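Only one structure is covered here, and it is reproduced in the block below.
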Amino acid sequence: MKKTKKQHSTFGKYFAYLDQIDQDLKSTQEFGSFLILSLVEEIGEMARAYLAKHGRKSTNIAAQTDETYEQELGDIIVSILRFARIKNINLHKRIMYSLNKIKRRHEEPKI
């Protein structure tokens with residue numbers, strides 16, 4: 001799939017940077033699976049950090065000394081960028097699809 005000009009301008013700098021980082025890995029067959037597992041791990045870390053800061057797990061000292069949930073969110077975004085890049089997913093198109101879906105649900109709620 002060809003990258004659109006919008007995707008290139010929006011994510012191109014990140015993709016170029018990731019091309020340097022992942023140059024030895026991106027052609028391996030297991031890389032996609034690794035990225036999915038990495039994404040799940042990062043989501044878990046963000047949840048743990050958020051819950052440690054905002055209530056449910058406020059006694060979890062280890063989570064409070066690790067990265068903040070804001071930092072973990074950055075890790076999640078990078079994991080998504082890495083996966084989209086190797087699978088040639090047009091993120092701009094996917095984001096707009098999801099935003100329109102949310103808007104449609106808001107305007108036409110199911111009864």
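Each value in this text was obtained by applying a stated rule to the coordinates, not by laboratory testing. All of these numbers come straight from a predicted model, not from anything done at the bench. Heads up, the Cβs are rebuilt from the backbone with ideal geometry, glycines too, and the neighbour counts pull from every protein chain shown.
In order along the stretch 86-103, the Karplus-derived 3J(HN,Hα) couplings, from 6.51 cos²θ - 1.76 cosθ + 1.60 at θ = phi - 60°, round to 6, 9, 6, 8, 7, 5, 4, 5, 5, 5, 5, 4, 5, 4, 5, 5, 4, 4 Hz, and Gly and Pro are given as x. Peptides 100-107, 38-45, 10-17 ranked from most to least packed by the mean count of surrounding Cβ atoms within 10 Å: 38-45, 10-17, 100-107. Between Ile80 and Ile102, the contour length at 0.36 nm per residue exceeds the Cα-Cα span by 5.9 nm. Neighbour counting of Cβ atoms within 10 Å sorts the residues Lys93, Lys87, fewest neighbours leading, into Lys87, Lys93. For the stretch 76-85, putting each phi into the Karplus relation 6.51 cos²θ - 1.76 cosθ + 1.60 with θ = phi - 60° gives couplings of 5, 4, 5, 4, 5, 4, 4, 5, 4, 5 Hz, in residue order, rounded to whole numbers and with x for Gly and Pro.
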